[in-house]
Amino acid sequence: MEHKGTVRLETDRLILRRFVVEDVQAAYRNWTSDDRTTEFLRWPTHRSVDVTDGILRHWVAEYARPDFYQWVIEPRDVGEPIGTISSVGMDEKVGAVEIGYCIGSPWWGRGYVTEAMAAVMAFFFDEVGVNRVEASFDPNNPGSGRVMQKCGLKYEGTRRQADFNNRGIVDSALYGMLASEWRSR
């Protein structure tokens, strides 16, 4: 893999960019304080903007690392962040990256995450040179799985009680795509 860091990516409807500390109020308002958004995530709903501020400041500092990938999801017509997409795991030996994402519940069902995921996958396969992109989700959150299916990832299996989120210990459905499949699609 040839790491590039979190570079700006654009699609027809979205800007995927680095966070800046000025994003804290929008992040808190649009998703980090949203119990519906965090229900299937590993981190708790933020009860204070100070929690969001601390995390965003950490991410901004991490942008100095070329292997750190954390993007704002910002629809052009909204003009502010509504969520995030990032590398939540990486295996250098096999050239694999795991992608995670979340957006505020008011924007669910509009295709924003699918569009962001497709752009990030293209970046990882075409620019970073990964061998594999994967993502997993709690089967009780089928919307997340639909994003993976729409982006062409293949179902690889469900590991029973292999993960956790704010609902407790949960099953984890794994989807993946290889670079060879990306190139031949």
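For the subset of region 98-120 comprising residues that are free of Cβ contacts under 8 Å to residues at least 60 places away in the same chain and among the aliphatic types (A, V, I, L, M), which member is surrounded by the most Cβ atoms within 10 Å (Cβ to Cβ)?
Applying the filter and picking the extreme gives Val113.
When region 162-173 is examined, which residues are found to be open to solvent by 20 Å² or more (accessible area, probe 1.4 Å) and either part of a strand (DSSP E or B) or in contact with a Cys (Cβ under 8 Å, 6 or more places away or on another chain) (or both)? Lay out the reasoning, then the answer.
Applying the first criterion (open to solvent by 20 Å² or more (accessible area, probe 1.4 Å)) to region 162-173 yields 162-164, 166-169, 171.
Within region 162-173, Ala162, Asp163, Phe164, Gly168, Ile169, Asp171 meet the criteria.
Being within 21 Å of Val24 (Cα to Cα) and open to solvent by less than 10 Å² (accessible area, probe 1.4 Å), is that true of even one residue in region 121-143? Lay out the reasoning, then the answer.
Going through region 121-143, the residues within 21 Å of Val24 (Cα to Cα) turn out to be none.
Checked against the condition, which is being within 21 Å of Val24 (Cα to Cα) and open to solvent by less than 10 Å² (accessible area, probe 1.4 Å), region 121-143 yields no hits at all.
Can you tell me which residues in region 111-136 are closer than 17 Å to Gly89 by Cβ and of a type in the set (A, V, I, L, M, F, W, C)?
Within region 111-136, Met117, Val120, Met121, Phe123, Phe124, Phe125, Val128, Val130, Val133, Ala135 qualify.
Residue by residue, here is whether (1) touching a residue at least 40 places away in the same chain (Cβ under 8 Å); (2) surrounded by 13 or more Cβ atoms within 10 Å (Cβ to Cβ); (3) basic (Lys, Arg); (4) under 26 Å from Asp35 (Cα atoms) holds:
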{"position": "Gly145", "(1), (2), (3), (4)": "no, yes, no, yes"}
{"position": "Gly157", "(1), (2), (3), (4)": "no, no, no, no"}
{"position": "Tyr175", "(1), (2), (3), (4)": "yes, yes, no, yes"}
{"position": "Ala179", "(1), (2), (3), (4)": "yes, yes, no, no"}
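Taking strands (runs of 3 or more DSSP E) that fall entirely within region 46-159, which contain at least 3 residues that are farther than 16 Å from Arg18 by Cβ and in contact with a strand residue (DSSP E or B) (Cβ under 6 Å, 6 or more places away or on another chain)?
83-91, 96-103, 132-137
Okay, residues lined up against (1) open to solvent by 70 Å² or more (accessible area, probe 1.4 Å); (2) within 17 Å of the chain's Cα centre (by Cα); (3) free of Cβ contacts under 8 Å to residues at least 24 places away in the same chain:
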residue	(1), (2), (3)
Arg18	yes, yes, no
Glu22	yes, no, yes
Asn30	no, yes, no
His46	no, no, yes
Val60	no, yes, no
Val72	no, yes, no
Pro75	no, yes, no
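Of the residues that sit in region 77-88 and are over 9 Å from the mean Cα position of the chain (by Cα) and open to solvent by less than 20 Å² (accessible area, probe 1.4 Å), which one is farthest from Cys151 (Cα to Cα)? Talk me through it step by step, then tell me what you get.
Here is the first cut: in region 77-88, the residues over 9 Å from the mean Cα position of the chain (by Cα) are 77-82.
In the following step, the residues that additionally are open to solvent by less than 20 Å² (accessible area, probe 1.4 Å) were identified as 81-82.
Details: Pro81: 22, Ile82: 20 Å.
For region 77-88, the residue satisfying everything is Pro81.
I want to confirm something. Restricting to region 77-92 and keeping residues that are free of Cβ contacts under 8 Å to residues at least 60 places away in the same chain and among the acidic types (Asp, Glu), which single residue is nearest to Tyr112 (Cα to Cα)?
Glu80
The values are calculated or read from the model by the stated rules, or taken from the named source; none is laboratory data. It should be emphasised that the depicted structure is a prediction, and the values quoted were computed from it without experimental measurement. Note: ideal-geometry Cβ built from the backbone for every residue, glycine included; neighbour counts use all protein chains shown. Areas reflect the complete protein model, heavy atoms only, side chains present, ligands, DNA and RNA absent. Shrake-Rupley method; radii C 1.70, N 1.55, O 1.52, S 1.80 Å.
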